[in-house]
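Okay, so here's the structure we're looking at.
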Amino acid sequence: MKAVVLAAGKGERLRPLTDDRPKVILKVANRPIIGYVLENLDPFVDEFIIVVRYEKEKLIKALGDEFNGKPITYVEQLPGEGTARAIESARKHIGEEEFIAVNGDIYFEIEGVKDLIAAFRREKADAALLVKEFDDLSHFGKIEVEGSLVSGVKEKPGKVSGYANLGVYIFKPEVFEFIGKTPVSKRGEYEITDTLNLMIGAGRRVAYAVYSGYWNDIGRPWNLLELNEYLLKNRLRHEIRGIVEAGATIVPPVEIGEGTVVRSGAYIVGPVKIGRNSRIGPNCFIRPATSIGDGCHVGNAVEVKNSIIMDGSNAPHLNYVGDSIIGENTNLGAGTITANLRHDRGNVRVEVKGKLEDSGRHKLGAIIGHNVKVGINVSIYPGRKIGSNSFIGPGVIVDRNVPQGHIVTVKQEKTVMTR
């Protein structure tokens, strides 16, 4: 069986973290999102076909030409948008056997794949999909069922309970005939759920498997923090391969990579994951649910809590990083603080594609892109974004989002933003 992994999207809602890279290679717990997808498909497939488009070169470089010894073939998505169009892009690489199709930006456990394959074979189905029950389907299509088969897919029905589609499928090659008949949706996309409705209308058997495990559709920055916390709490092994100096305190579970040095006075409370060749301390406090990548520096009098610091980034002295995401190769100047709590203690709202969204989080700090330089004594309001390749001058109060590639300075007690 082959696996078709959909990874062509831009990830607009995850900006600034996707300013220069596809979202599927963003690292959570120091590993690309798509790596978890491939890992859970690996026992069931003998080849991966990855559908690419946006910044495809970076994805190809990140994954290479094989995964656990199994070949990876890259195909560019055909013109047009939507999941049906993405799956159709792999048609020439699919033979006469059924295949798995999966969104590359979701997290699920291996049990879901096992159950889906079992349902597909048990029902002698033409297609099958993984579903999960939710109390509120406002953001999902509703999967209607009759017995062991799907009877239809309805667009977002509002705040009602029921089964939602999780973006994990099995198809027979016949699906391509129905994709060819699939009309453009109201959103201007070719939706695989519309294809499924066509199949059901034509009398094809579409099975389903109910998934009860952890699942995350990584579409917003705070979803990365949710997944990071889950992975660290449930999949982290206590393993120290670096150097821990006398006087440092490690409270398990903590994973420390080769070449990393933890200096005296550092206090690390797990679950925490630290990559390779990083410098930690002296005299810093790293709190639970934090992942720190390769080649990072967390220095003196720095506190990090429930955050993601990606490869090559530094919080070198007198910083607080709380409930925040810091992209690659970013540097925080001395005294830079990420605020993570509103004075009214309400949920933090974040601007996503021009609209404010409730993150559902009581605490949420900054979302900082890649290659950002932040000056000394900078204060960043909760839920604010700083675009990649930006420069924040000394003493700036970041109370609004900073677009990609902008310079922000303090001039005559006013914040000035220039490109």
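Annotations for the structure displayed:
- Within the range 5-25, the residues that satisfy the criterion of being assigned to a loop (DSSP other than H, G, I, E, B) and closer than 20 Å to Val168 by Cβ are Ala7, Ala8, Gly9, Gly11, Pro22.
- Failed item in (1) in contact (Cβ under 8 Å) with a residue 24 or more places away in the chain; (2) assigned to a loop (DSSP other than H, G, I, E, B), with Glu258 passing the rest: (1)
- Answer from Tyr230, Tyr208 - the residue that is under 27 Å from Gly383 (Cα atoms), touching a residue at least 12 places away in the same chain (Cβ under 8 Å) and open to solvent by 20 Å² or more (accessible area, probe 1.4 Å): Tyr230
- For the range 305-321, the set of residues classified as of a type in the set (Gly, Ala, Ser) and surrounded by fewer than 21 Cβ atoms within 10 Å (Cβ to Cβ) consists of Gly312 only.
- Restricted to the range 344-387, and to residues there that are within 19 Å of Gln404 (Cα to Cα) and among the polar types (S, T, N, Q), the residue that is surrounded by the fewest Cβ atoms within 10 Å (Cβ to Cβ) is Ser379.
- Note on the range 398-409: residues that are of a type in the set (A, V, I, L, M) and surrounded by fewer than 16 Cβ atoms within 10 Å (Cβ to Cβ) amount to 1.
- Test: residue in the range 191-202 that is in a helix (DSSP H, G or I) and either open to solvent by 60 Å² or more (accessible area, probe 1.4 Å) or at positive phi (or both): yes
- For the range 114-135, filtering for residues that are within 30 Å of Asn228 (Cβ to Cβ) and either open to solvent by less than 60 Å² (accessible area, probe 1.4 Å) or of a type in the set (S, T, N, Q) (or both) leaves 7.
- When Val75, Val113 are checked against the criterion of being under 22 Å from the mean Cα position of the chain (by Cα) and assigned to a strand (DSSP E or B), Val75 stands alone in meeting it.
- Only one of Glu328, Glu303 that is in contact with a strand residue (DSSP E or B) (Cβ under 7 Å, 6 or more places away or on another chain) and of a type in the set (D, E, K, R): Glu303
- Residue match in the range 234-248 (condition: out of contact with any helix residue (DSSP H, G or I) (no Cβ under 8 Å at 6 or more places or on another chain) and open to solvent by less than 10 Å² (accessible area, probe 1.4 Å)): no
- Qualifying residues in the range 69-113 (those that are open to solvent by 30 Å² or more (accessible area, probe 1.4 Å) and of a type in the set (A, V, I, L, M)) - the one farthest from Ala8 (Cα to Cα): Ile110
- Hey, Val160 of a type in the set (Val, Ile, Thr) and surrounded by 23 or more Cβ atoms within 10 Å (Cβ to Cβ) or not: no
- Of residues in the range 134-169 being outside any loop (DSSP other than H, G, I, E, B) and aromatic (Phe, Trp, Tyr), the one farthest from Gly82 (Cα to Cα): Phe134
The values are calculated or read from the model by the stated rules, or taken from the named source; none is laboratory data. Model, not experiment: these values are computed from the prediction. Ideal geometry is used to build each Cβ from the backbone, glycine not excepted, and the neighbour counts take in all protein chains shown. We work out accessible area using only protein heavy atoms, side chains counted, and drop any ligands, DNA or RNA first. Shrake-Rupley method; radii C 1.70, N 1.55, O 1.52, S 1.80 Å.
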